Amino acid sequence: MQQVAKLKPQVETGRANAVEVTGVSHIYHGREGAVPALTDIDMTVPAGRFTVIVGPSGCGKTSLLMMLAGLRTPTAGTILCDGRPIPSPDPQRVGVVFQEASLYPWLTALDNVEFPLALKGSPRGERRDRAQAMLKLVGLDSFGGRYPHELSGGMKQRVSIARGLVQDPPVLLMDEPFAALDEQTRMTMGHELLRIWDETNKTVVFITHSLTEAVYLADEVLVMSARPGRIIDRVAVDLPRPRTYQMMATDKFGQLRERIWQQIRAKE
Amino acid sequence: MSRTATLLTRLAMLIVFLGAWEVLPRAGIVNPMLLPPLSQVVATLGDIVARSDFREAMAVTAAEVVVAFVIAVPLGAALGVLLAENAYLGAIFRPMLFYVFSIPKSIFLPMFILAFGIGFGQKVAYATFSTVFIVIMSTSAAVESVKAEYILVAQSYGATRAQILRRIYVPSMMPILLEAVRISMIFNFTGVMIAEMYASRTGVGHMIANWGENFMLPQLFAGVIVLALAAMAFNELVRSLEVRCSRWRS
């Protein structure tokens, strides 16, 4: 079957870069004193791209994500999302999906997806419609009335993604969202995520430990070193889209993954 | 064992128990002065509930229980939240509270009598004292049970502090808080009873102590049954609330 490489639509002028990180460093003050967590991070993500960050545990990638989300302020450097700084969380600009789905167990799936809108005080009818649309996008439109304890791990994460998208932010941050899932579910979810990304045209910044997942999903993979984290390589993944599982067996895929692995190992 | 079988077994045991209560004293196997037959107790129960002095006593006891509860629970809850949220105060006071909690409160009753006399105020004060510690500890535990991830998610969606309290702390803590209410009422009720039985001129506890001293066993048993039923009714009420609020806990 012929692969048709899909071109991403041209970026609008004035919104060329969804995320711009310039010279970001962060020193974390813990019990043992000052610990440098990130050093001199420069990162530019054009609108509509799928960027993946990989790195060893503790390299600061979660801290970086928290800063992109406005939950933390770096000790040095600037961060711009959609052209503006992000000193505090702004869910209409940046949606976040954490590793733990962290759905509120006392709310149904639909109520969970509505939650950000309820915080904003949106009217009931609008909230319901919007949330239902998001559940439909992630393939769970008939599960709105279920409680989290009635959902599987993969379904919970899908609800979490729906929640992150409910306010239609142009940027979506994801911190190892599939880490708690088994391998098969992970692969299915990755595929699902690419479909959702394709339909919504968001800019995605995705953190993972898995090199396979990184190469499979990304337009570009940023490789981070161990603490203090710095970006040691930027790997462009020019595999055609839509991605297929068969691509994982190609030489190209293997070479890309090997290149990332070598970089991480070299810095250990 | 199937549900029906379990239910039938329980029913059978209850019948055996009640049957023994009736038969053993009547047959003289157990001294009927010490254990009046069930039918006599039930008849006496009907009598005393109709008496105005008993009803007044019930009103007094009920008032003491309610007032003490209404003071102890908000006070204890506020302190519990404070100790859980403020790391400094928590580190200082919580170990101390733990030790104080282990002391049986009844030993302090003579002090309360000296300080407050034997009136309504003393019983309320003593019962509040008996109850407040468990409320503090349960509330602290409830606050700590709110997962940090839930709060982080809310913050990432721009929730204000007030919204986090209302939308995350309250529903998250509700099952534990209801359980705490149920258990604190047990402590509260016990506190009121001890105070009434030991040194009081009013209340159901006083009447029960009086009946005991005067060897009026049917009345004593009847009084105990009334209190037991009241305690169980409250327990069941709170438990049904708990079940409603805990449906999401798997």
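The values are calculated or read from the model by the stated rules, or taken from the named source; none is laboratory data. Note that the structure is predicted; figures quoted are calculated from it, not measured. A quick note on method: Cβ atoms are made from the backbone with ideal geometry, for glycine too, and the neighbour counts reach across all protein chains shown. Ligands, DNA and RNA are excluded from the accessible area calculation, which covers all protein heavy atoms including side chains. Shrake-Rupley method; radii C 1.70, N 1.55, O 1.52, S 1.80 Å.
Things worth noting here:
- Cα gyration tensor, segment B:1-60 - rounded (a/c under 1.5), prolate or oblate: oblate
- Look at the dipole of segment A:36-168 built from charges on Cβ: of A:135, A:36, A:89, the Cα furthest out on the positive end belongs to A:135.
- The calculated FRET efficiency for residue A:44 paired with residue B:96, based on their beta-carbon distance and R0 = 60 Å, is about 0.60.
- 14 Å reach of a label modelled at residue A:192, 7 Å along Cα-to-Cβ, counting backbone N of segment A:146-162: A:151-162
- Test item: B:146-153 mean partner chain Cβ contacts at 10 Å: 5
- The simple spin-label model puts a point 7 Å past each Cα toward its Cβ; for residue B:240 and residue B:34 those points are separated by 4.0 nm.
- Placing +1 on the Cβ of every Lys and Arg and -1 on the Cβ of every Asp and Glu, with no other charges, gives the protein assembly as shown a dipole of roughly 380 debye about its Cα centre.
- Rg and Dmax, both from the Cα atoms of the protein assembly as shown and both in Å, are 32.6, 102.
- The loop-placed trypsin sites (Lys or Arg not before Pro) in segment B:5-93, going by DSSP, that have at most 16 neighbouring Cβ atoms within 10 Å of their Cβ come out as B:51.
- The residues neighbouring residue B:82, those whose beta-carbon lies less than 15 Å from its own, together hold a net charge of -1 under the Lys/Arg +1, Asp/Glu -1 convention.
- Pairs from A:61/A:136; B:105/B:147; A:136/A:156 whose Cα-Cα separation, in the structure shown, is over 25 Å: A:61/A:136; B:105/B:147
- Extension gain, residue B:23 to residue B:82, is 15.6 nm, computed as 0.36 nm per intervening residue step minus the present C-alpha separation.
- Think of each Lys and Arg Cβ as +1 and each Asp and Glu Cβ as -1; about the Cα centre, that makes the dipole of segment B:136-199 roughly 300 debye.
- Rounded to the nearest 5, the antiparallel percentage of DSSP beta bridges internal to chain A is 55%.
- Viscosity 1.567 mPa s, temperature 4 °C, Stokes-Einstein D of segment A:103-237 from Kirkwood C-alpha radius, µm²/s: 81 µm²/s
- Helical contribution to [θ] at 222 nm, DSSP H n ≥ 4, -39,500 (n - 2.57), averaged over chain B, rounded to 500: -27000 deg cm²/dmol
- Once all protein chains are placed together, residue B:245 keeps about 50 Å² accessible to a 1.4 angstrom probe.
- Label point at residue B:149 placed 7 Å out along Cα→Cβ; residues across segment A:90-133 whose backbone nitrogen lies under 13 Å: A:97-105
- Label-point separation in nm, residue B:141 to residue B:51, each point 7 Å along Cα→Cβ: 4.1 nm
- Extended-chain gain in nm, criterion 0.36 nm per residue less alpha-carbon gap, residue A:80 and residue A:183: 33.6 nm
- For the residues of A:103-111, the average number of beta carbons from a partner chain within 10 Å of their own beta carbon is 4.
- For residue A:258, neighbours were defined as the other residues whose beta-carbon sits under 12 Å from its Cβ, and their charges (Lys and Arg +1, Asp and Glu -1) total +3.
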